[in-house]
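This report concerns only the one structure given below.
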Amino acid sequence: MTQILSFDAEDEYNAFITICREAEYGEGPLAGRGVAVKDNISTAGIQTTAGSRILEGYIPPYDAHVVGLLKSAGAAIVGKTNMDEFGMGTSTENSGFGPTTNPCDTNRVPGGSSGGSAAAVASGMVDLALGTDTGGSIRCPASYCGIVGLKPTYGRISRYGLIAYSNSLEQIGPMGQTVSDVSGLMEVISAYDFHDSTSYNAPYTHTPNAAAVEGLKIGVPAEYFGVGVDPAVAEAVRTAIGRLESLGAEAVPCTIPSMAYALAAYYVTCTSEASSNLSRFDGVRFGPESGRKKMWHDEFRGIRGEKFGREVQQRIMLGTFALSAGYYGKYYAKAQIARANVRADFERVLSEVDVICGPTMPAVAFAFGEKSDPLSMYLADILTVPANLAGVPAISVPCGTVDSMPVGLQIIGRHFEDELVVDTAFAYEQGGN
Amino acid sequence: MVSEKDVQGIANLADISLPAGELGAFTAQFNDILEYFDILDSVEQTSAGGTDLYNIFREDEVTPSLSQADALANAGESEDGYIKAPRVV
């Protein structure tokens, strides 16, 4: 039987692009619980913009696989959350619908690109949200806003109905106040889907188990505590790893040498894929329409020049360049070798240890406008992109504060061992109580 | 290094019209980022270049899908079940 959840929370942080004040729900494990969904995940009948003016007014005719699963579990979709346009950013400043502010300090960014989902959870508007993570877009805002966020193993969650930015890197994942909430949401969204040819049939049916930390071997990579990482953040994370040791884990040093070029490999790969994926936005089939007064290319250039934000234009152009004849070998081909090396590094380390721990972000949330130059913003992603390149699961769990702002402990695991990553985060979270 | 002319050419390829006043700023940021990408020159060509992945295929069977009305609902304008687009010639 369908019931209605009245969602009357005030959106003081601009966490939502669209709010559903009267949200339907049914029976199931999430019956009547409000869930916020990132605005690049298709919701039938509810506007879905991916944070871009080029999709303003777009009403998807179908649900993403994960949204269908949420509804089957009884969840009430209470709205679509703000984000960096198409997921391109680390601060949610790149949204076409204005920035989201950080509930911990409204002068600072909430992180991105799933900043709206993180702010909605951190402010208590909802306790569950879906985000997407291409190079850290779940873990970064989780870390900056002091909540829990999981990027699942690549292939574990269907991407059907996700507005594509970089197919080979991105995954939908759960965000919540607690590890248990994140685990419960993961269980709902992880069913196999034939619509997505990268969907792997490995359903997540797991209850967090803190005892799994006993005898656990934790790799601590030197690169995650090196140059560019705020010493106070590094200290907070070392203390957190100390807590896991006191609970029975053993920490051992390790190295991931391919970190030296992982960020460059990531940006070449994601911009290349974006240049192809975003060619579909032309004002003809969806979104604000072109006037059809000029010729084909002139019409498209006009609407893409007007409706795409600057960062999106920059990334489409970088990708166009990286894939062009004469430069393909220097950029894209090299990035794929680099990516294979990153994956090999993680597989090597994770054959010797059970999980890898380090900071999620090199520093706490920065102030609005502080990273106005794109490259300085990209550098903030250095500790999150490796997990996407390798396809391994990674979670961010709050581990104290620096300058009164939350710090995130990142736990990275082996392919399809999301359960152990969740257990380690759970042990840490419970160990503080 | 790419020039403003190069960046304008890339913008044309990508079907993006850049405001004339922004070309200089775009070009400068483009070069900063490309310079950072140069670190990929240090990556050695190794046997790790390939993957052991394979494609997953399924039978191409007709199953229930969107109605024509649903598929056209977001188009700016349609006619006789087709989406109207700008002219090509």
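The values are calculated or read from the model by the stated rules, or taken from the named source; none is laboratory data. Values in this document were obtained by computation on a predicted structure and should not be read as measured data. No Cβ is skipped: glycine too gets one built from the backbone with ideal geometry, and neighbour counts run over all protein chains shown. Accessible surface is based on the protein model in full, side chains and every heavy atom, while ligands, DNA and RNA are left aside. Shrake-Rupley method; radii C 1.70, N 1.55, O 1.52, S 1.80 Å.
Report yes if some residue within the stretch A:206-227 is at pLDDT below 95 and among the small types (Gly, Ala, Ser); otherwise report no. So far as the stretch A:206-227 goes, yes, one or more of its residues are at pLDDT below 95 and among the small types (Gly, Ala, Ser). Per the listing A:SER276, A:SER290, the residue uniquely assigned to a helix (DSSP H, G or I) and within 14 Å of another protein chain (Cβ to nearest Cβ) is A:SER276.
Filtering the stretch B:61-77 down to residues that are modelled with pLDDT under 90 and either open to solvent by 90 Å² or more (accessible area, probe 1.4 Å) or more than 8 Å from chain A (Cβ to nearest Cβ) (or both), which residue is farthest from A:ASN341 (Cα to Cα)? Result: B:PRO64.
The set of residues from the stretch A:293-304 being buried (at least 16 other Cβ atoms within 10 Å of the Cβ), within 7 Å of chain B (Cβ to nearest Cβ) and not aromatic (Phe, Trp, Tyr) comprises A:GLU299, A:ARG301, A:GLY302, A:ARG304.
Per-residue answers, yes or no, for (1) buried (at least 24 other Cβ atoms within 10 Å of the Cβ); (2) in contact with a Leu (Cβ under 8 Å, 6 or more places away or on another chain):
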residue	(1), (2)
A:ALA75	yes, yes
A:VAL78	yes, yes
A:ASP84	yes, no
A:ASN94	yes, no
A:THR101	no, no
A:VAL109	yes, no
A:LEU130	yes, yes
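Considering each residue of the stretch A:319-339 in turn, at least one proves to be within 27 Å of B:VAL43 (Cα to Cα), among the basic types (Lys, Arg) and within 27 Å of the chain's Cα centre (by Cα).
Taken together, the residues in the stretch A:337-357 that are more than 16 Å from A:GLY135 (Cβ to Cβ) and either within 8 Å of another protein chain (Cβ to nearest Cβ) or open to solvent by less than 70 Å² (accessible area, probe 1.4 Å) (or both) amount to 12.
Only one of A:PHE225, A:PHE194 is out of contact with any Phe, Trp or Tyr (no Cβ under 8 Å at 6 or more places or on another chain), open to solvent by 10 Å² or more (accessible area, probe 1.4 Å), of a type in the set (Phe, Trp, Tyr) and more than 14 Å from chain B (Cβ to nearest Cβ). Can you tell me which?
A:PHE225
Of A:THR2, A:THR43, all but one fail to be without any contact (Cβ under 8 Å) to a residue 40 or more places away in the chain and surrounded by 23 or more Cβ atoms within 10 Å (Cβ to Cβ); the exception is A:THR43. Among the residues of the stretch A:403-424, is there at least one that is of a type outside the set (Ser, Thr, Tyr), at pLDDT below 95, open to solvent by 30 Å² or more (accessible area, probe 1.4 Å) and farther than 30 Å from A:ALA367 by Cα? Among the residues of the stretch A:403-424, not one is of a type outside the set (Ser, Thr, Tyr), at pLDDT below 95, open to solvent by 30 Å² or more (accessible area, probe 1.4 Å) and farther than 30 Å from A:ALA367 by Cα, which makes the answer no. B:TYR82 meets the stated requirement of being at pLDDT 90 or above and either closer than 30 Å to A:VAL342 by Cβ or more than 9 Å from chain A (Cβ to nearest Cβ) (or both). Just wondering, is there one or more residues in the stretch A:390-400 that are within 14 Å of chain B (Cβ to nearest Cβ) and either in a helix (DSSP H, G or I) or under 20 Å from A:PRO253 (Cβ atoms) (or both)? Checking the stretch A:390-400: at least one residue is within 14 Å of chain B (Cβ to nearest Cβ) and either in a helix (DSSP H, G or I) or under 20 Å from A:PRO253 (Cβ atoms) (or both).
Of all positions in the stretch A:312-319, none carries a residue that is touching an Asp or Glu at 6+ places or on another chain (Cβ under 9 Å), at the interface with chain B (Cβ under 7 Å from one of its Cβ atoms) and in contact (Cβ under 8 Å) with a residue 60 or more places away in the chain. One residue is enough: does the stretch A:180-187 have a residue meeting the conditions in a loop (DSSP other than H, G, I, E, B), under 24 Å from A:GLY28 (Cβ atoms) and open to solvent by 40 Å² or more (accessible area, probe 1.4 Å)? Scanning the stretch A:180-187, I find no residue that is in a loop (DSSP other than H, G, I, E, B), under 24 Å from A:GLY28 (Cβ atoms) and open to solvent by 40 Å² or more (accessible area, probe 1.4 Å), so the answer is no.
Comparison of B:LEU53, B:LEU13 shows that the only residue that is open to solvent by 70 Å² or more (accessible area, probe 1.4 Å) and facing chain A (nearest Cβ under 8 Å) is B:LEU13. Which of the residues that make up the stretch A:88-117 are out of contact with any strand residue (DSSP E or B) (no Cβ under 9 Å at 6 or more places or on another chain) and of a type in the set (Asp, Glu)? Correct list: A:GLU93 only.
Annotation: of all residues in the stretch A:46-66 being open to solvent by 10 Å² or more (accessible area, probe 1.4 Å) and in a helix (DSSP H, G or I), the one that is farthest from A:ASN82 (Cα to Cα) is A:HIS65.
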